[in-house]
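Shown next, in structure tokens, is the structure this report addresses.
The values are calculated or read from the model by the stated rules, or taken from the named source; none is laboratory data. Every value quoted in this text rests on a predicted model; they were computed, and no experiment measured them. Neighbour counts run over all protein chains shown; Cβ positions are idealised from the backbone, glycine included.
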Amino acid sequence: MSRDHPFTQSLQQAVREGVFPGAVLLVRSYGEVVYHQAVGQMGQAPFDCPVTTHTIYDLASLTKPLATTTAIVCLLQDGRLDLDQPVTEWLSEWKSTSYRNTTLRQLLHHSSGLPAWRRYYEALSPVGLPPKNEDERQARITGLLQTIAKEPMEYDPGSQSVYSDLGFMALGVVVERCVGTSLSDFCRQRMYDSLNINPLFFIDAEGNPIGGDGELTLVAPTEQDSWRGRLVHADVHDENAFALGGVAGHAGLFGTALSVSQVSKAWLKAVLSQPSILPTDLAQQFVRRQDPSGASSWVLGWDTPSQPSSSGHHFSSESFGHLGYAGTSLWIDPVRELEVILLSNRVHPTRANKQIKVFRPEIHDLVVKEFGRTN
């Protein structure tokens, strides 16, 4: 596609203005990839090589819908989980605590009463190192769950929705204890292999791709991290996920825009009652607003457009999507059968760069202007 395309021009302008070092944008309209281009560089020297459509990004919180939420849908489909069961069935650490009655639904909906985020990594690993082995990882998980359970509830469960990394850390453990293997292995075996998706993977404590294949030289760097004392490259940017060994329910997934789009496509097809690895009834339930008053934009593992929205001004009210802190996003509009994946490393070399908040809605508005027709 021409480098003069309005999307490309917008992306290149964003690079010049320092929104991110580089980025990849993929747009699929009515099942056809209509735009898939890369701009800019992977980062500062020695990573000052051009971004390509094969560049792999830290997907950050896109892990929540693309791995954890999708895994839970599969386990619900298999009858191994129930949305309204107390999670203490899997999290014994929460028994006899304020969160003993917390359900899967509440964690997915961010309505459990848990706070948004905590710096647990400082206690889990004061010297900034991942667990040495699986036994140490499990010990850290147990300690993490016990610490979360001691958090005072910030609100009555179900009374509101407050986006919470803590809830998805717990959900990742629920999946692992339910299936008896790692979240990464379950996602690969149950979901990604059946969709023939690669690269889409986690990175373990030794710096090896797990749950998929990936050439780590293609991974874009993220932040210069004072806790780890180095530039983060081919390690998860999120400190809590790193302290848990790189595999967590809230962050840790890496992939290309095309890989993300393959999971996105499975969700869209299921929502549209088309053949998919995901069941239509559950997919539709997960992307339907749970709060009849409309006060919360959060659905189950996904967000929906609110005003202002990172999806811009024109995505339909039936749309669903998610952001990733490192500079990633996915928005899906089932009315327009439109999927937009933007991957970047806007935190390179520092998370202090917040310019993407302005850019995201602008690029989505451009996409709807060009490909927003409805059949």
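Scanning segment 259-282 for residues that are in contact (Cβ under 8 Å) with a residue 24 or more places away in the chain, farther than 21 Å from residue 32 by Cα and in a helix (DSSP H, G or I) gives a single hit, 282.
Note on segment 332-341: residues that are surrounded by fewer than 21 Cβ atoms within 10 Å (Cβ to Cβ) and of a type in the set (A, V, I, L, M, F, W, C) amount to 1. Evaluated against (1) in contact with a Pro (Cβ under 7 Å, 6 or more places away or on another chain); (2) modelled with pLDDT under 95; (3) of a type outside the set (A, V, I, L, M, F, W, C), residue 294 falls short on exactly one condition, (1). In segment 213-257, the residue that is nearest to residue 56 (Cα to Cα) out of those that are among the polar types (S, T, N, Q) and in contact with a strand residue (DSSP E or B) (Cβ under 7 Å, 6 or more places away or on another chain) is 256. Contact map, segment 163-189: residues that are free of Cβ contacts under 8 Å to residues at least 24 places away in the same chain paired with residues that are part of a loop (DSSP other than H, G, I, E, B), Cβ distance under 9 Å, separation 6+ or inter-chain. Pairs shown: 176/90; 176/182; 176/247; 176/249; 189/181; 189/211. Selection of segment 114-154 for residues being over 22 Å from residue 235 (Cα atoms) and more than 25 Å from the chain's Cα centre (by Cα) yields 150, 152.
Whenever a residue of segment 200-229 is of a type in the set (S, T, N, Q), its partners that are surrounded by fewer than 16 Cβ atoms within 10 Å (Cβ to Cβ) and assigned to a loop (DSSP other than H, G, I, E, B), lying with C-beta atoms within less than 7 angstrom and at least six residues away or across chains, give the pairs 224/350. In segment 80-95, the residue that is nearest to residue 177 (Cα to Cα) out of those that are among the acidic types (Asp, Glu) and out of contact with any strand residue (DSSP E or B) (no Cβ under 6 Å at 6 or more places or on another chain) is 89.
When 316, 311, 329 are checked against the criterion of being closer than 20 Å to residue 296 by Cα, surrounded by fewer than 21 Cβ atoms within 10 Å (Cβ to Cβ) and touching a residue at least 12 places away in the same chain (Cβ under 8 Å), a single residue qualifies: 316. Taking the listed residues 55, 68, the one that is closer than 19 Å to residue 244 by Cα, under 18 Å from the mean Cα position of the chain (by Cα) and at pLDDT 95 or above is 68, with no other qualifying. Considering the conditions (1) in a loop (DSSP other than H, G, I, E, B); (2) out of contact with any Asp or Glu (no Cβ under 8 Å at 6 or more places or on another chain); (3) closer than 14 Å to residue 334 by Cα, residue 300 is excluded by exactly one of them, (3). Selection of segment 188-222 for residues being in a loop (DSSP other than H, G, I, E, B), farther than 25 Å from residue 137 by Cα and among the aliphatic types (A, V, I, L, M) yields 195, 197, 220. The residue that is surrounded by the most Cβ atoms within 10 Å (Cβ to Cβ), counting only those in segment 291-307 that are over 20 Å from the mean Cα position of the chain (by Cα) and in contact (Cβ under 8 Å) with a residue 24 or more places away in the chain, is 291.
Residues of segment 43-64 include at least one that is among the basic types (Lys, Arg), under 30 Å from residue 275 (Cβ atoms) and touching a Gly at 6+ places or on another chain (Cβ under 9 Å). Cβ-Cβ contacts under 9 Å between residues 6 or more apart (or on different chains), taken from a first residue in segment 133-147 that is within 18 Å of residue 89 (Cβ to Cβ) to a second residue that is loosely packed, with under 15 Cβ neighbours inside 10 Å, are listed as 145/92.
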